[in-house]
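Working notes, structure below.
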Amino acid sequence: MTWRDTLALAMQSLGAHLLRTALILLAMSIGVIAVVLLTTLGETGRRYITDEFQSLGTNLLIMLPGRNETTGGAPPMLGATPRDLTLGDMLALERSPYLDKVTPVLVGGAPVSTSDGLERETTILGTTAAMQRVRNLTLAQGTFLPVLDPYRAAPVAVIGETIRAELFPRRGAVGEWLQVGDRRFRILGVLADEGVSVGVNFNDVVLVPVASAQQLFNREGLFRVMAEMPAAVDPQRAIADARRIIMLRHEGEDDVTLITQDSLVSTFDRILGAVTYGIAGIGAISLLVAGILIMNVMLVSVAQRTAEVGLLKALGGSAGIIRRLFLTEALLLSGLGAALGLAIGVLLAMTLGYLWPRVPFTMPAWALVAAPTVALVTGLLFGVMPARRAARLDPVVALAKR
Amino acid sequence: MTTASGATVPGSVIELSGIDRDFQLGEQVVHALAGVDLRIASGEYVSVMGPSGSGKSTLLNVVALMDRPSRGRYVLRDTDVTALDDDELARARREHIGFVFQSFHLVARMTAFQNVELPLTLAGIAPAERRARVTRALEELGIADRARHRPDQLSGGQRQRVAIARAGIMRPEILLADEPTGNLDSASGAQVIDIMERLNREQGVTLIVVTHDAAVGERARRRIRMHDGRIVADISS
């Protein structure tokens, strides 16, 4: 018997039980839809979070004062208050061959106001010109903070988009005076809309020179020192060198914590990748259930069509032909169900992307291949048993059954 | 059609020797066939009669290659079919044997045309040739106008004619019928017998009919009577 005829006969027998066929297709497609949607959500979450970290800039080294690592040694004799990170430390790091574009961060909150009397409370970031390169900041208007002696408290500021919109709703902000706390700053530029990035919302900040921030908040110690490692440099070398420099300056005390952005991203990537596979597994269980349903239906079908199988055998159908016929039915059920589920799943994922355009919905390619493959394989596996049962039927006994 | 040349060629198409067929019924072994020897020549018209349980249907199933004998030798056209495996048996069934059942055994969801086509489909014959052969067969049996009807839209006589068309579509040398008139009224029954006899007469098909009906059995040139799994009478006229 040709495969064309086998297919036609199988389709005809599926068509003879439309309701049953439709229900099985539904079960199979729900399984595939579940896998497609769940993996899409998992992958989207992973993408979203790693993208966020990636936007920090690649090869970023973050240094914070204090050690947050348990060393297990004897407790220090003196108070464990860590030394501050100072501008001197920052300048020393700048001289390391393994670090590029070192920039300090000093954070505080202060009220800002304009000559129009508009006022609001916001985050003040004290930093240097290098910050623009480190965080990949772009400007909508004007210029960034100029390259200055970091100890010089110049009265200049760069503001975020939200601040501009709220304090200068009807006029240009560049060149205007901005009152921050008890000081006045000349606005040099406005940052482009950056969106929310992990850590800081750059739309809602005022950037000033680090020395100005030190005076504003009357504080010496830095909140962070950020540095970019040149691409050719091994991060471990850079970390070791930064640590060596700080220990030299801190009387041999290793009292800073160093974080690479790479390690953060890869950690999140690993965790969320595992989560995606996990939920794909959950989706696959529904495929398994659909496969068992197919087996169930095929067994019932073999039982109901015993006489027909006997007839096919009496008319010269070999066991192989009968087996292929029933396997084809099972494969048709799972294949059509998978195709249907894939179409609906992709459509639903696209609808999600349409409803929430800002979320980067991504369907993982492996899931689009794996879901229908698993569906077909379960269909085949669970179709084998009923098909073999049909093929083994004795024609005389089968025909006697009515 | 061709002349009845098959009938004049001597030599047996079916040769059974020492055939036993045992069935296990619980603790008890039933000998449905016990030492059956039978030679049937090509083109013969044979009827098999006997009471229920005499083994006549089992004999037919063995001849039809649907049932394997427990012991004995069966040579079908120079081939010892007792040595064949299942796939070879299926092939031999397809090529040599047509079977007509008491209860027709048409596939309910298929049209008359598709039912007749089924053996050709199983044999892997091309669709164009299938169409031509089925159309001709339906015409010869006077049911061409019923080709698109499903079995539940046909009368009993029409159904059995579809079944005969199906049994003959592969041009088998042997046509076996198990109580072909059992589910029919006498008029339709007579027509069905007439059709099968015509196949025997005009195409030289070897015809074996198992029946309860003495009137049907008496029409055959050779009449076999069975009892308790044995052939007790074999009369040729």
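The values are calculated or read from the model by the stated rules, or taken from the named source; none is laboratory data. Predicted, not measured: the structure shown is a model, and the values here were computed from it. Cβ placement follows ideal geometry from the backbone for every residue including glycine, while neighbour counts extend to all protein chains displayed. Keep in mind that these areas ignore ligands, DNA and RNA; they rest on the heavy atoms of the full protein, side chains included. Shrake-Rupley method; radii C 1.70, N 1.55, O 1.52, S 1.80 Å.
Summary of values
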item	result
Pairwise Cα inverse-distance average, inverted: Kirkwood Rh of the stretch B:5-236 (Å)	18.1 Å
Efficiency of FRET from Cβ geometry, A:Leu299 and B:Asp152, R₀ 22 Å, rounded to 0.05	0.25
Solvent-accessible heavy-atom area per residue, rounded to whole Å², over the stretch A:287-402 at 1.4 Å	47 Å²
Net lengthening on full extension, A:Leu352/A:Leu19 (0.36 nm per residue, minus Cα-Cα)	116.8 nm
Interface size B-A, as summed buried accessible area [1.4 Å probe, Å², nearest 100]	2100 Å²
Distance (nanometres) between label positions extended 7 Å along Cα→Cβ at B:Ala233 and A:Leu26	6.4 nm
Interface residues in the stretch B:93-107 - accessible area drops by 30 Å² or more relative to the isolated chain, probe 1.4 Å	B:Arg93, B:Arg94, B:Phe101, B:His105, B:Val107
When the convex hull of its Cα atoms is projected in every direction, mean area for chain A (nm²)	30.1 nm²
Using alpha-carbon coordinates, inclination of helix A:3-15 to the longest axis of chain A, degrees	90 degrees
Contour minus Cα-Cα distance for B:Ala126 and B:Ser186 (0.36 nm per residue)	17.8 nm
Protein accessible area in the stretch A:96-190, 1.4 Å probe - carbon and sulfur %	48 percent
Carbon and sulfur %, accessible surface of the stretch A:279-385 computed with the full protein complex present, 1.4 Å	80 percent
Sum of -39500 (n - 2.57) over DSSP H runs of 4+, divided by residues of the protein assembly as shown (222 nm, nearest 500)	-15500 deg cm²/dmol
Residues in the stretch A:313-340 that, when all protein chains are in place, have 50 Å² or more less accessible area than the chain alone would give (probe 1.4 Å)	A:Ala314, A:Leu315, A:Gly316
Over 20 Å [Cα-Cα, the stretch A:267-363], rounded percent	60 percent
GluC sites (Glu not before Pro), loop per DSSP, at most 13 other Cβ atoms within 10 Å - longest free stretch of chain A	A:70-219
Percent breakdown of C-alpha pair distances by 5 Å bin, ordered from the shortest bin, for the stretch A:107-203	3, 12, 26, 28, 21, 9, 2
Tilt relative to chain A, helix A:235-249 - C-alpha long axis, 0 to 90 degrees, to 10	30 degrees
Two-site FRET efficiency, A:Val359 against A:Arg392, from Cβ-Cβ distance with R₀ of 45 Å, rounded to 0.05	0.25
Heavy-atom surface of the stretch B:5-236, accessible at 1.4 Å and reported per residue (Å²)	43 Å²
Between the stretch A:203-274 and the stretch A:129-161, the alpha-carbon center distance in angstrom	19 Å
Cα-Cα P(r), the stretch B:131-237, percent of pairs per 5 Å interval	2, 11, 22, 23, 19, 12, 6, 4, 2, 0
Under 18 Å from A:Lys401, Cα to Cα: aspartates and glutamates that are on another chain or at least 8 residues apart	A:Glu308, B:Asp67, B:Asp178, B:Glu179
Ranked order, A:Leu299, A:Leu19 - accessible area, probe 1.4 Å, largest first	A:Leu19, A:Leu299
Rounded accessible area per residue of the stretch A:83-254, 1.4 Å, Å²	46 Å²
Loop-resident sites, the stretch A:92-157, for trypsin sites (Lys or Arg not before Pro), counting at most 14 other Cβ within 10 Å (DSSP)	A:Arg95, A:Arg152
Accessible-area ranking of A:Tyr98, A:Tyr354, B:Tyr74, largest first, probe 1.4 Å	A:Tyr354, A:Tyr98, B:Tyr74
Kirkwood Rh, angstrom, the stretch A:145-263 [1 / mean 1/r, Cα pairs]	16.9 Å
Accessible surface of the stretch B:5-236, 1.4 Å probe, proportion on carbon and sulfur as whole %	47 percent
